[in-house]
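Below is one structure; the comments refer to it alone.
The values are calculated or read from the model by the stated rules, or taken from the named source; none is laboratory data. As the structure is a prediction and not an experimental result, all values here were calculated from the model. A quick note on method: Cβ atoms are made from the backbone with ideal geometry, for glycine too, and the neighbour counts reach across all protein chains shown. Ligands, DNA and RNA are stripped out before the accessible areas are found, and what is left, the full protein with its side chains, is counted by its heavy atoms. Shrake-Rupley method; radii C 1.70, N 1.55, O 1.52, S 1.80 Å.
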Amino acid sequence: MSDGGGERSGLEVLRDACASPWVVASRWREAGGRVVGLVGASAPRELVLAAGMLPIRVNPERLRGDDATEGVAAESRERFADELAGLEGELPAPQLAVVAALLAGDLDWIDGLLIGRDTEAHTKLFYVLREMAADPGFGPLIPWFGFSDTLRLPTRTSAVYNRRQLRILQLTIAHWGQVADSAAALHAAIATEVALGGSLRQLEHLCAENRLSGQELFIARAGARVLPPEEAMAALRAAASEAEARHVAPERTRVFLTGSEPNVEVYEIIEAAGLHVVGDDHGDDLAEPDGTGSDTIDWLADRYQFSMVGAARAGLDRVASTVARAQSVEADVVVQLLAPTDVASEWELTELRELLPGTPVLTARMEPGAEDGSLRQLVSELAGGAEGAVAPTVVGEASDV
């Protein structure tokens, strides 16, 4: 995947996949495969892979399919304008965008939709789709859909519940893929995810070494969750090789991101000001389970119950993990992003500041439709060497749902 000979580099492959997931999906479906769109970080990719289907994380900023369908989509959006307006008070903008895309046909490149219980907004999205699917006027426009009802409290009752729910979900997704549920297939899918995570961690290290920008790391992560696993691994290996061959960039103010999931614009704003996003706490450290028996569902349940990725949960020591990561990449400043539906992350602010007494911990609130001027102001102050706490800031809403 070198630049020579007209071939695309690894990062270019990942960037294209990130920008146009429907192109990857169409290619997969043309070969006879099925595609499942994932809503949220806690929708288990492994179950989809084990059923022989391609999981693709959907993003409200990248839901369009073929531009040739734009006229039909516009007509559909107008047709359902009243219904969508009525949902504005029920669903936040990212989840409402998914519903609008389904009704308009913008998501006609997926065969099914799997929603993870990242926040209550995701739960509401599932309830809305369930009601719409039962309505003759909307039902034909809604693909297969499922809900990964994973509880996040560190209790035995949650662990038991999660295992039961994941076994039910495994049967549902196996039915979508028209395969028998298989512990061996799930183990292989888990191994694939663990390997993918290892390749992404290599890029994280290169980012911390100033050989890769934060924007490039974001794009690599997003693109790797779109491509078929073998293609993703090849692109990540190529991207790592390309980054290792670079000269180390000059040292700049090192920024670590935590809190709600950012969109690529956040990285662009920060790094355009001459700062460097050297890391974040949005990547999982995965260890493959032993054997090929029933431990696969146990592993899956534990992964999503105790994952440090996503909104804060009571009883999980996410702050300690965040602090360790920020210190490991020698961050000069920590920026905590706060989405409107993520009230829990703000609970971490006081403890973060207590555990990082020598590192400024700043906050950026993300509100629907807000301009990014205040984030630029915060970044400008950082680029100018401002120290100490900065008042809460407003930025555009995070794009991943």
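Some values worked out for this structure:
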read-out	value
Conditions (1) outside any strand (DSSP E or B); (2) modelled with pLDDT under 90: number failed by Val323	(2)
Cβ pairs under 7 Å, 6+ apart, first in region 51-79 and of a type in the set (Gly, Ala, Ser) and modelled with pLDDT of 80 or more, second open to solvent by 10 Å² or more (accessible area, probe 1.4 Å) and in a strand (DSSP E or B)	none
Condition check for Val401: modelled with pLDDT under 80, open to solvent by less than 40 Å² (accessible area, probe 1.4 Å), over 25 Å from Arg211 (Cβ atoms) and outside any helix (DSSP H, G or I)	yes
Residue tally, condition under 25 Å from Val24 (Cβ atoms), touching a residue at least 60 places away in the same chain (Cβ under 8 Å) and in a helix (DSSP H, G or I), over region 94-135	6
Residue match in region 205-220 (condition: of a type in the set (D, E, K, R) and free of Cβ contacts under 8 Å to residues at least 12 places away in the same chain)	no
Residues being more than 24 Å from Pro262 (Cβ to Cβ), outside any helix (DSSP H, G or I) and open to solvent by 10 Å² or more (accessible area, probe 1.4 Å) - total across region 10-60	5
Given (1) under 21 Å from Arg29 (Cα atoms); (2) touching a residue at least 40 places away in the same chain (Cβ under 8 Å), index of the condition Ser148 fails	(1)
Flag if Glu261 is among the acidic types (Asp, Glu), in contact with a Leu (Cβ under 9 Å, 6 or more places away or on another chain) and open to solvent by 10 Å² or more (accessible area, probe 1.4 Å)	yes
From the options Arg237, Arg164, residue that is among the basic types (Lys, Arg), modelled with pLDDT of 95 or more and either touching a helix residue (DSSP H, G or I) at 6+ places or on another chain (Cβ under 8 Å) or not in a helix (DSSP H, G or I) (or both)	Arg237
Qualifying positions in region 230-248 - in contact with a Ser or Thr (Cβ under 8 Å, 6 or more places away or on another chain) and open to solvent by 30 Å² or more (accessible area, probe 1.4 Å)	Met233, Arg237, Glu242
Top-ranked residue in region 179-237 [being among the charged types (D, E, K, R) and within 29 Å of Leu166 (Cβ to Cβ); ranked as farthest from the chain's Cα centre (by Cα)]	Asp181
